[in-house]
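The values are calculated or read from the model by the stated rules, or taken from the named source; none is laboratory data. Predicted, not measured: the structure shown is a model, and the values here were computed from it. Reconstructed Cβ throughout: ideal geometry from the backbone, glycine too, with neighbour counts over all protein chains shown.
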Amino acid sequence: MLNNELVKKITASKKYAEIYEKTVARIVSDCLKKYPEKQVVKKAKNILHQIWGAYFDSQPNFKKLLESISKTNNPKEIALSLLRLQSSTKERIPILDTFYKEIFAVTGIPKTIIDIGSGLNPLTFFWMNLPEKTQYHAFDIDKNQAWFLKSFFNLFKVEQVKISLGDALIDKFHKSDIAFFFKIIPLLEQQEKNSALRILKEQDSKFLIVSFPTKSIGGKQKGMIDFYSKQFQDLIEDQSWKVEKLLFESELVFIIKK
């Protein structure tokens, strides 16, 4: 069976119908190198679940969510409730009041930000306190989520935020002052060993903000900070980058100055 036919077989399923086709094609291609053809669809779906599906308790109905939002509501309050839908952004809620303030204290206020593998993180834009001229551009692999976020920011006339589809392992991203890589390094390495350093080196940004969770999805914390600190140091040990570490209650952050 050709790659395209296997991709169509996966995107024909309701759960994976709205995933960026380039990502599905990449994963199918990788699986064909490792497994018999008859196992590829199942293996590819397992990987898609690990890198995308596992971060939602249940897939949101974005159309219904958008219909429930009124222009008269406070967008920041609505964003706060929406951030709870995804485990990665839910963990960030308790630290939002200081998170970006401490990051930008190191980097300075950026004119351009890109957010790679963003999930619902664009909704934290309201806590960034950025000047009107600063542009924030987020990339992820979920078409439904991208449609929802575009619609959300259009509804509230927030023109600084741009939402696009993008896959860190195959796409190139434009130049920026800051590039966010929030909690995605383990996911990149899981899919393609030694890919994370390549991607960090290729990104044309003054600062790279790399973060790791301090707890597992199941809520376990023991050893996580030490584990990810070592993983990160091992990753960049041969680079001459200047690195600053910030530790928050729910997130370990490294600020790389290239």
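Conditions tested, residue by residue: (1) of a type in the set (S, T, N, Q); (2) over 14 Å from Ala79 (Cβ atoms); (3) surrounded by fewer than 22 Cβ atoms within 10 Å (Cβ to Cβ); (4) within 12 Å of the chain's Cα centre (by Cα).
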{"position": "Leu130", "(1), (2), (3), (4)": "no, yes, yes, no"}
{"position": "Trp147", "(1), (2), (3), (4)": "no, yes, yes, no"}
{"position": "Phe152", "(1), (2), (3), (4)": "no, no, no, no"}
{"position": "Lys157", "(1), (2), (3), (4)": "no, yes, yes, no"}
{"position": "Gly166", "(1), (2), (3), (4)": "no, yes, no, yes"}
{"position": "Asp177", "(1), (2), (3), (4)": "no, yes, yes, no"}
{"position": "Phe180", "(1), (2), (3), (4)": "no, yes, no, yes"}
{"position": "Lys193", "(1), (2), (3), (4)": "no, yes, yes, no"}
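Scanning the stretch 145-166 for residues that are touching a strand residue (DSSP E or B) at 6+ places or on another chain (Cβ under 8 Å) and either touching a residue at least 60 places away in the same chain (Cβ under 8 Å) or not aliphatic (A, V, I, L, M) (or both) returns Lys150, Phe153, Gln160, Lys162, Ser164, Leu165, Gly166. Among residues of the stretch 27-48 that are farther than 16 Å from Gln190 by Cβ, those with a beta-carbon under 8 Å from a residue that is not in a helix (DSSP H, G or I) at least six positions away or on a different chain give the pairs Glu37/Met1.
Could you identify the single residue in Ser88, Ser81, Ser68 that is buried (at least 19 other Cβ atoms within 10 Å of the Cβ) and either in the same structural domain as Ala196 (by TED's automatic domain parsing) or modelled with pLDDT under 95 (or both)?
Working: Ser81 fails: buried (at least 19 other Cβ atoms within 10 Å of the Cβ); Ser68 fails: buried (at least 19 other Cβ atoms within 10 Å of the Cβ).
Unique residue meeting the criteria: Ser88.
The numbered conditions (1) under 29 Å from Ile69 (Cα atoms); (2) in contact with a Phe, Trp or Tyr (Cβ under 9 Å, 6 or more places away or on another chain); (3) in a loop (DSSP other than H, G, I, E, B) are all true for Lys162 except (3). The residues listed here are Phe125, Phe99, Phe104; of these, the one that is under 17 Å from Ser151 (Cα atoms), in the same structural domain as Gln191 (by TED's automatic domain parsing) and either of a type in the set (Gly, Ala, Ser) or not in a loop (DSSP other than H, G, I, E, B) (or both) is Phe125.
If the condition is being buried (at least 17 other Cβ atoms within 10 Å of the Cβ) and either in contact with a Lys or Arg (Cβ under 7 Å, 6 or more places away or on another chain) or not aliphatic (A, V, I, L, M) (or both), then the stretch 223-247 contributes Tyr228, Phe232.
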